[in-house]
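The values are calculated or read from the model by the stated rules, or taken from the named source; none is laboratory data. Predicted model only: the values in this text are computed from it and were never measured. Note that we place each Cβ from the backbone using ideal geometry, even for glycine, and neighbour counts take in every protein chain shown.
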Amino acid sequence: MAQSPDTSKPRIRARLALAILEALQSQDTPSEVLEDENPSQTMPRRLGLSGVVDRQVQLYRSDAMKRARITDGQFHDLVQLVVRRPDAPEIFWRAGRRMADAGPQTALSRLLPAPLRHARLRRRVRRRLRRVFGRNIGAFGEGPFTLEGRNLLFVQLARQGEACCLVSGMCQSIVEEVLGAEYHVVHDRCEARGDASCRWTITADAGVREASRAGDWMPEFEAG
């Protein structure tokens, strides 16, 4: 499904910008800080700890509370800030998880027959993506969960496909809520990697889950 970006109309939730910058800050904050140490001074190369990012976080936090939206152009600038980093996929993945607003798997989800659970999953993912990005993000094909799209906003803004991890992270949280933690979202096709379209599917393969745990956030980009 083709996407024609409108860089002037505010369509994307400002809360997504906040989630990306908060994930950036979290990534750059050291796990251990000496009692008298100021990370923003002792680690000036960590972008997430800079005063510029902190001011943007405060701005987007205020916008998010007002349910404001940002333009594709503003989102582009934010993505470009992150894609220069080698850990960009992880940052986008974490931001996507934050935006899912998913909780633990409910008793209802466990009791529903598989076809109804899959329908519920597809409906939640579709609505959540549209609510966050202000447009449809791809469409579902045949099968329990096959989300596909062409010329998506993420590929246009991040030519190596890093920003596709926003969708992967968001879908993963919703999948865990509806189907359970044994299922994993796989981005097995990506336009940025030469495929005809982007595609996200789900698997309960133990090997994929172990690969995810090894990095404590997501597996490496999967080959088709």
Tally up the residues in the stretch 139-164 that are touching a Gly at 6+ places or on another chain (Cβ under 6 Å) and under 16 Å from Gly96 (Cα atoms), please. 1
Of the residues in the stretch 138-162, how many are modelled with pLDDT of 95 or more, hydrophobic (A, V, I, L, M, F, W, C) and either in a strand (DSSP E or B) or under 21 Å from Ile12 (Cβ atoms) (or both)? 3
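Here is a yes/no grid of residues against (1) modelled with pLDDT of 60 or more; (2) among the hydrophobic types (A, V, I, L, M, F, W, C); (3) assigned to a loop (DSSP other than H, G, I, E, B); (4) surrounded by 14 or more Cβ atoms within 10 Å (Cβ to Cβ):
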{"site": "Met1", "(1), (2), (3), (4)": "no, yes, yes, no"}
{"site": "Thr7", "(1), (2), (3), (4)": "no, no, yes, no"}
{"site": "Leu16", "(1), (2), (3), (4)": "yes, yes, no, yes"}
{"site": "Leu24", "(1), (2), (3), (4)": "yes, yes, no, yes"}
{"site": "Gly48", "(1), (2), (3), (4)": "no, no, no, yes"}
{"site": "Val57", "(1), (2), (3), (4)": "yes, yes, no, yes"}
{"site": "Arg61", "(1), (2), (3), (4)": "yes, no, no, yes"}
Per the filter on the stretch 166-182, residues out of contact with any strand residue (DSSP E or B) (no Cβ under 6 Å at 6 or more places or on another chain), in a helix (DSSP H, G or I) and under 12 Å from Phe145 (Cβ atoms) are Ile174, Val178
Under the condition of being in a helix (DSSP H, G or I) and without any contact (Cβ under 8 Å) to a residue 24 or more places away in the chain, which residue from the stretch 94-114 is farthest from the chain's Cα centre (by Cα)? Leu111
Flag if Gly134 is touching a residue at least 40 places away in the same chain (Cβ under 8 Å), out of contact with any Pro (no Cβ under 7 Å at 6 or more places or on another chain), of a type in the set (Gly, Ala, Ser) and more than 18 Å from Met170 (Cβ to Cβ): no
Return yes when Glu182 is of a type in the set (D, E, K, R) and either assigned by TED's automatic domain parsing to the domain that holds Leu18 or out of contact with any Cys (no Cβ under 9 Å at 6 or more places or on another chain) (or both) and no when it is not. yes
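Residue-wise test of (1) surrounded by fewer than 16 Cβ atoms within 10 Å (Cβ to Cβ); (2) under 16 Å from Arg189 (Cβ atoms); (3) in contact with a Cys (Cβ under 8 Å, 6 or more places away or on another chain).
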site: Ala114; (1), (2), (3): yes, no, no
site: Arg128; (1), (2), (3): no, no, no
site: Asn136; (1), (2), (3): yes, no, no
site: Phe140; (1), (2), (3): no, yes, no
site: Gly143; (1), (2), (3): yes, yes, no
site: Asn151; (1), (2), (3): yes, yes, no
site: Val155; (1), (2), (3): no, yes, yes
site: Gln160; (1), (2), (3): yes, yes, no
site: Cys164; (1), (2), (3): no, yes, yes
Given the criterion in contact with a helix residue (DSSP H, G or I) (Cβ under 9 Å, 6 or more places away or on another chain), in the same structural domain as Ala196 (by TED's automatic domain parsing) and of a type outside the set (Lys, Arg), identify the matching residue among Leu147, Leu116. Leu147
On the basis of being outside any loop (DSSP other than H, G, I, E, B) and over 22 Å from Gly73 (Cβ atoms), does Arg123 make the cut? yes
